[in-house]
Amino acid sequence: MGVKKTKIVVVGSFMMDLVIKAERRPRTGETLIGESFGMFVGGKGCNQAIIASRLGVDVTMVGRLGADLFGDSFMETLEEEKIDSRFVVRDSEVGTGVGSPVIDAQGDNSIIAIPRANMRLSVEDIDQAESALSEADILLLQLEVPLEASLQAAKIVKLHGGKVILNPAPALEFPDHFLDHVDLLTPNETETEFFTGIKVVNQATAVQAARILIDKGVEAVILTLGDQGALLLTNEFTKAIPAYEVDVVDTTAAGDAFCGALAVTLLNPPLVLPMQQAL
């Protein structure tokens with residue numbers, strides 16, 4: 001039986017990923033010969049939307065693209081992935097966002113991102129998408145578009161009874177009152193340290209850091225811990241969730257895939273037990 005059709009709205013970013021694979025990252029002043037190069041549609045918002053759509057739910061994307069060839073590629077991808085793109089704005093003044101991940105031999109990555117059109121997503125753009133936001137069961141947010149736009153989207157969704165998931169990446173400062181409009185926060189270890197000042201090195205420090213985030217007003221935290229799995233924490237309970245053993249090829253967008261799949265899971269009660277009650 002397939003996943004029942006529901007509604008997820010993603011307000012977020014588009015980044016054309018220019019991916020370089022190399023044995024390691026170059027040192028300062030060093031020229032290093034790489035192994036391969038590829039160009040892929042990406043951006044945290046777009047990645048999350050694609051994963052959710054592939055898992056069988058109705059997904060609407062809200063964001064900004066340049067009126068350029070990269071933007072054309074994204075629009076074609078959204079159509080292929082059956083994602084509603086009615087509220088994707090084409091910007092004639094600023095180009096489509098670009099990211100440049102470098103992936104080493106262990107599959108770990110580091111990324112430089114240039115947001116471009118993503119940073120021109122406005123409150124007015126969000127208001128234009130109110131018809132979709134008001135019907136959303138879940139809103140997925142990240143921090144690659146202006147905070148004012150994300151906050152406006154969260155307010156609309158909460159007003160109409162939907163749930164809001166914030167993936168706080170990249171790690172940027174935001175006012176604590178933003179979390180008043182967020183049901184679930186999904187930071188990784190690096191982001192958790194940025195927001196709490198606590199370096200996550202074991203379960204005890206993970207719980208300590210997640211508790212600080214709960215105290216800021218969010219209802220639930222899922223702290224993703226790479227090959228150590230994840231930690232779910234609410235005011236009522238704490239649960240460590242082990243990771244599956246896999247051969248890591250490339251960690252790029254792993255967090256985005258997690259968030260997209262998590263949103264779909266939360267929409268299907270037979271697939272989730274304590275998490276459904278947490279929200």
### Message
For segment 39-148, give me every one of the strands (runs of 3 or more DSSP E) that falls completely inside it and has 1 or more residues that are touching a strand residue (DSSP E or B) at 6+ places or on another chain (Cβ under 6 Å), surrounded by fewer than 24 Cβ atoms within 10 Å (Cβ to Cβ) and not aliphatic (A, V, I, L, M).
### Response
58-66, 84-91, 98-103, 109-114
### Query
If you check Asn167 against the conditions, is it at pLDDT 95 or above and crowded, with 18+ Cβ neighbours inside 10 Å?
yes
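The values are calculated or read from the model by the stated rules, or taken from the named source; none is laboratory data. Please read all numbers here as calculations on a predicted model, not as lab measurements. Glycine gets a Cβ as well: all are built from the backbone with ideal geometry, and neighbour counts include every protein chain shown.
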